[in-house]
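Worksheet for the structure shown next.
No lab work stands behind these numbers, since they all come straight from the coordinates. On a predicted model such as this, the values are computed, not experimentally measured, just so you know. A quick note on method: Cβ atoms are made from the backbone with ideal geometry, for glycine too, and the neighbour counts reach across all protein chains shown.
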Amino acid sequence: MHMSDSLVSFAVGTTMAAVSTGAVGYSIRKIKKTDLDNSKIPMMGVMGAFVFAAQMINFTIPGTGSSGHIGGGILLAALLGPYPAFITLTSVLIIQALFFADGGLLALGCNIFNMGFLTCFIAYPFIYRQILKKSVTPKRIALAAILAVVIGLQLGSFSVVVETTASGVTELPFRSLLIWMQPIHLAIGIIEGVITGAVLSFVYKSRKEIIMNSLEKGTQKKISMKRVLVIFAIAAIFIGGFLSYFASSNPDGLEWAIQGITQGSEIVNSSKTHLKAQELQENTAILPHYSFDGEAQDSVLGTSVSGVIGGIVTLVVTIVSGLVIMKIKKNKGNRVVTDK
Amino acid sequence: MVNINHLDVSYSDGHAALKQISFQIKQGETVGIVGSNGAGKSTLLKTMVGILKPKSGSIEIDGQLLSKQNLRVVREKVGVVFQNPEDQLFMSNVYDDIAFGLRNMGMDEKTIEEKITHTLKSLGIERMTNQNSSKLSGGEQRLVAIATVMVMEPSLVLFDEPTSFLDPKTRRKLIKLLKEYTVTKLIATHDLDMALELCDRIIILKEGQVFEQGNAKDLLSNQELMERADLELPFCLQRS
Amino acid sequence: MSSINKSIQQITALEELAHRDTLLNKLAPSVKLIITFIYVITVISFRPLDVSGLVFFASFPVFLMIIGEIPFQVLLSRCMIALPFAFFAGLSNLFLEKNTIFYFGKFGITEGEITFTSLMLKAVLTVMAVLLLVASTSMNDLIYTLISLHIPSILVIQIMMTYRYMSVLLKEASLMYHAYLLRAPKEKSIKLNDMGTFLGQMILRSIDRAERIYHAMQCRGFNGGMEFSKREKLGIKGWITVVVAGSLIIILRVVNINKIL
């Protein structure tokens, strides 16, 4: 479920980062305003750690012999309320990206949206809380949890598919990717949902107040929740639309910016440098076009071979210079020792 | 220094945890609270710093009557070393953990640094300043936990099982350290040998009530009394 | 089971690397964070067909690995965790883009093979970059960096506390897991039926722990805010490093070294 940096394009990564940053900012404001209860702060931290620990516990999936683990979005939302849960999940995802190579820096926005936003602000309020609106019993909690987890995961994996296709890194068409991803996550969702349901009804049976407190607190904020969703939907459409237009008319943002810079210098400089700039521009991307006619093949072959050789040469140079630096450093260290 | 009068505390389910507790502690005294599991030791400590609210009775510490209004004032005067240092050390390094309380008191960073350096030196753990507390051993964590309290210069320190989880050698070091730390201390413990060594007086709790209080040596060596309190004699007195 | 111990080991392994005294560790954390971002974004900005440009970018992690004295295997094994998804996503390119673009000697190279290679390279390079950052920067320094970059303190506190209690709870979970398996010797892992109770117990313990932590905080005057040590901001030296390294990365992206060589 975690998207890695290599799967997102610059445009998609930054768009989702903007959306998620907005959601994080809003949640923080919300927590500061409404959750005056300071005990939430250590609670969130420890529950974040709990999600890690819980993910490490493998269980046997009956009939298959394989094992799985839980994700934790709905679980956190049911225990802490949506805003604290979202912030907790965000910090969990940041730690996963940094320390476990799960996800990446640029993909962080996507992951926070797919796994945090969609569960805490869509699946939790519209599924989990709706089901528990009338009455709360262990069975209803289990049902609510299963449905919320399944739908949350479906939304999340759909979002992964959309983000991946929009990024254009894989050639797999939208439809096949969808057909591949959704059923897998349906299966994962059902199992995770059953466990989340069992955990929550256990907590309800032994410490009722924990489940009830976050449910009651949630209801007071119902109106603002809708507003948040509308704001974010508009923001996402606006930013997404703008950036994808920007991305489609220009191969990618950075390239476009670079082009801007080189063209800017063109005006000032003479025509000779203009040509050079253009040449430079063409070299920016090797294999700039998708199809090559026979004539171009030679030159492409040339650049590619030299590219590989160049890469190796650079690598060797860096390794040597690195080793030289280390040697100098070590010698310095030795000198200090001998001086003493 | 401490004056507790007819203290009644109940759990949220209405079950009485402490019943009619009364005792005094004089300035500079070291007092032990002993009693079997569930006798109410931890509850008493929690009530003394306002984590739990008493149903009735009064707690007076250093001239301040504990109430909702002066909770902050009382908490600045009373330090608590909790049973598990893992609960007490929650920041990303030892320095920030020790600075936490001082910063909440509104002290400036320069004074804070001076105080921390001084405290760490007096405990002999300066080298740990920038370490992550999860990397420290149990004994080291305990020392840092004590440092977080010591640095705030409280006039009364409550210890909850200070020798738990410690190996014999570290325990010995800790006892020595507590002996040298001349502040009014209230120590809740199962470690009766330590109580015998450190405490001037002890209070024996049984089923939420003060069962007996008095001179540490007299009470702890009284086999018949200890048995009635569901306790045993300290090891060092058992064979003699 | 082994996964619990493994992840505890992973955390400690990176921590230990981060606490050494190498040239890379000495660099200001905020400098490293900014440069890592520039690097990752630049790597991602390469078009799917542009592999040869990407090759040059492998020099950065290799160079940093040397001056950071970071064992190669540690990073490589971490990379492996991140690769499968990129691998499967990229696999489709191999089958769907069959048209040959050029010949390398006798071998025809298809478009798909190039985009697949580029995807995998990107995956390795971006993961390497982040791991290098973490392997040379302690959590402590990372926390201060986030604060100095004006990341809201609530989020930073969450990251800090989650990281702090991660290993504590993992140890606890590991004990409970062992206790379970010792009483259920026939099971390989926890039965699905018991999972609710097992995790539920873990939650209750965690909640109790959070309460105790809160009490400890209260006793030292906690009232919602948390302050951190003030560390020096990105000085002139830091900015120079950022600008030099940043422009080096960008120049390498813009200028085609192949033509120069």
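Data for the structure
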| item | result |
| --- | --- |
| Cross-link partners of B:LYS115 among aspartates and glutamates (Cα-Cα below 20 Å; sequence separation of 8 or more within a chain) | B:GLU76, B:ASP96, B:ASP97, B:GLU126, B:GLU140, B:GLU153, B:GLU180, C:GLU227 |
| Volume of the Cα convex hull of the stretch C:147-219, divided per residue and given in Å³ | 119 |
| Angle between chain B longest axis and helix B:109-123 axis [Cα atoms, degrees, rounded to 10] | 60 |
| Among C:GLU172, C:GLU227, C:GLU15: highest mean-square fluctuation, GNM of chain C, C-alpha pairs under 10 Å | C:GLU227 |
| Radius 15 Å from Cβ of B:PRO168, net charge of other residues (Lys, Arg +1; Asp, Glu -1) | +2 |
| Karplus 3J(HN,Hα) series, Hz, for the stretch B:41-47 with 6.51 cos²θ - 1.76 cosθ + 1.60 (x for Gly, Pro) | 4, 5, 4, 4, 4, 4, 5 |
| Sequence-distant residues sharing a close amide H with B:LEU205 (under 5 Å, placed H) | B:VAL34, B:GLY35, B:PHE211 |
| For chain C, convex hull volume per residue from C-alpha positions, Å³ | 195 |
| Computed over chain B, Cα set: Rg, Dmax in Å | 18.0, 56 |
| Residues C:GLU97, B:GLU126 arranged by fewest to most Cβ contacts within 10 Å | B:GLU126, C:GLU97 |
| Euclidean distance between Cα centres, the stretch A:145-200 to the stretch B:24-62, Å | 54 |
| Local electrostatic count at C:SER92 - Lys and Arg +1, Asp and Glu -1, tallied over other residues with Cβ under 13 Å | -2 |
| Principal-axis tilt of helix C:153-183 within chain C, Cα atoms, nearest 10 degrees | 70 |
| Cα convex hull volume per residue for the stretch C:118-261 (Å³) | 204 |
| Entries in A:LYS40/A:LYS208; C:LYS32/C:LYS122; B:LYS19/B:LYS55; C:LYS32/C:LYS171 that, when Cα-Cα distance is taken, lie over 21 Å | C:LYS32/C:LYS171 |
| Whole-percent pair-distance distribution, where bins are 5 Å wide, for the alpha carbons of the stretch A:114-201 | 3, 16, 21, 21, 15, 10, 7, 4, 2, 0 |
| Size of the stretch A:1-155 as Cα extents on the principal axes (Å, biggest first) | 47, 46, 27 |
| Neighbour-count order for A:THR318, B:THR182, fewest beta carbons within 10 angstrom listed first | B:THR182, A:THR318 |
| Chain C - percent relative contact order, Cα under 8 Å, separation 6 or more | 30 |
| The stretch C:6-118: relative contact order in percent, alpha carbon pairs under 8 Å with at least 6 residues between | 26 |
| For C:ASN25, net neighbour charge (Lys/Arg +1, Asp/Glu -1) across residues whose Cβ lies under 11 Å away | 0 |
| C-alpha long axis of helix C:139-148 to longest principal axis of chain C, angle in ° | 80 |
| Amide H contacts of C:ILE101 (H built 1.01 Å from N, under 5 Å, at least 5 apart or other chain) | C:ILE109, C:THR110, C:GLU111 |
